[in-house]
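Peer 1: Dropping the structure in here first, questions after.
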Ligand SMILES: Nc1ncnc2c1ncn2[C@@H]1O[C@H](COP(=O)(O)OP(=O)(O)OP(=O)(O)O)[C@@H](O)[C@H]1O
Ligand SMILES: [Mg+2]
């Protein structure tokens, strides 16, 4: 299978099998430069499998299809995956030489100025995720892949992270594919919400609600209701 480098994400007829079972089964997806797409789907529907394919982290998995992604891709996971033996700033600029100033600026952007020399275990879970975001964005990715990045955070910290992520995306304008289980989070953050089921994208909602988006808005409720339907949840 060939991975081509382009400005946009283009996935065609993507198949990924584990033990003969096709988890992704002819999946098509396009993401435009700067577009924010949220991906919903039941547990085990293949969301992380799709992210790993886009990140090029699934070279050991059997499959076929065409995959075009930008050259510069960053990934954020549910746990921050910081190196515990490296200080915060060193974690942010890991693998980049002479990037100290950029790293400090990124930490300032995520509200962690002054914590450059802290150890990761001296930070709260939310702060560690901020470091993970700084580490991703310091690389100025054209595509940011995020796999439930706020899944382990409490509700209040989550809301703060939403505000932060929107601000960072407005500044850096990467294309984003965000996996989440939280339908409201998807609608608040994304330009478009898609639902994965049986190995393909089965529903899509373009979100054109005025900011700040509120779950009290009838338009919001209508989108939520259609997405829940697609997820097989009837209220
Ligand atoms: N390395 C692997 N070997 C075998 N099966 C796997 C492997 N990785 C994933 N799977 C299977 O593929 C399916 C999709 O997994 P995936 O992790 O992509 O789901 P997901 O949508 O991210 O789920 P969740 O919401 O729980 O994170 C699951 O049934 C899982 O058991
Ligand atoms: Mg997953």
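Peer 1: If you check residue 176 against the conditions, is it crowded, with 21+ Cβ neighbours inside 10 Å and either modelled with pLDDT of 95 or more or under 20 Å from residue 47 (Cα atoms) (or both)?
Peer 2: Against the criterion (crowded, with 21+ Cβ neighbours inside 10 Å and either modelled with pLDDT of 95 or more or under 20 Å from residue 47 (Cα atoms) (or both)), residue 176 qualifies.
Peer 1: Against the definition (at positive phi, in contact (Cβ under 8 Å) with a residue 40 or more places away in the chain and touching a helix residue (DSSP H, G or I) at 6+ places or on another chain (Cβ under 8 Å)), how does residue 140 come out, yes or no?
Peer 2: Here the answer is yes, as residue 140 does meet what is asked.
Peer 1: I'd like the residue in the range 115-148 that is away from ligand 2 (no atom under 16 Å from the Cβ) and in a strand (DSSP E or B) and, out of all such residues, is surrounded by the fewest Cβ atoms within 10 Å (Cβ to Cβ).
Peer 2: Step by step, filter the range 115-148, then rank; the result is 143.
Peer 1: Condition test on residue 82, is it in a loop (DSSP other than H, G, I, E, B), touching a helix residue (DSSP H, G or I) at 6+ places or on another chain (Cβ under 6 Å) and in contact (Cβ under 8 Å) with a residue 12 or more places away in the chain?
Peer 2: For residue 82, the condition - in a loop (DSSP other than H, G, I, E, B), touching a helix residue (DSSP H, G or I) at 6+ places or on another chain (Cβ under 6 Å) and in contact (Cβ under 8 Å) with a residue 12 or more places away in the chain - is met.
Peer 1: For residue 16, state whether it is within 15 Å of ligand 2 (Cβ to nearest atom) and on the phi > 0 side of the Ramachandran plot.
Peer 2: no
Peer 1: In the range 62-76, which residues are away from ligand 2 (no atom under 14 Å from the Cβ) and in contact with a helix residue (DSSP H, G or I) (Cβ under 9 Å, 6 or more places away or on another chain)?
Peer 2: Passing the criteria: 63, 65, 67, 69, 73, 74.
Peer 1: On to the next question. Of these, 86, 22, 55, which one is in the same structural domain as residue 125 (by TED's automatic domain parsing) and either farther than 20 Å from residue 169 by Cβ or within 15 Å of ligand 1 (Cβ to nearest atom) (or both)?
Peer 2: Criteria check complete, one pass: 86.
Peer 1: Now, a different point. Please work out which residue is nearest to ligand 1 (Cβ to nearest atom), limiting yourself to the range 28-52 and to residues that are farther than 21 Å from residue 8 by Cβ and touching a helix residue (DSSP H, G or I) at 6+ places or on another chain (Cβ under 9 Å).
Peer 2: Here the residue is 41.
Peer 1: Pairs needed: first member in the range 211-235, outside the structural domain of residue 163 (by TED's automatic domain parsing); second member anywhere, outside any helix (DSSP H, G or I) and modelled with pLDDT under 90; C-beta distance under 9 Å; at least 6 residues apart or different chains.
Peer 2: Final answer for the pair search is 225/235; 228/234; 228/235.
Peer 1: Could I ask something else about it? Tell me which residues, restricted to the range 17-47, are free of Cβ contacts under 8 Å to residues at least 60 places away in the same chain and in contact with a strand residue (DSSP E or B) (Cβ under 7 Å, 6 or more places away or on another chain).
Peer 2: If the condition is that a residue be free of Cβ contacts under 8 Å to residues at least 60 places away in the same chain and in contact with a strand residue (DSSP E or B) (Cβ under 7 Å, 6 or more places away or on another chain), then 17, 30 are the ones that fit.
The values are calculated or read from the model by the stated rules, or taken from the named source; none is laboratory data. Just so it is clear, the model here is predicted, and its values are computed rather than measured. Note that each Cβ is placed from the backbone with ideal geometry, even for glycine, and that neighbours are counted across all protein chains shown.
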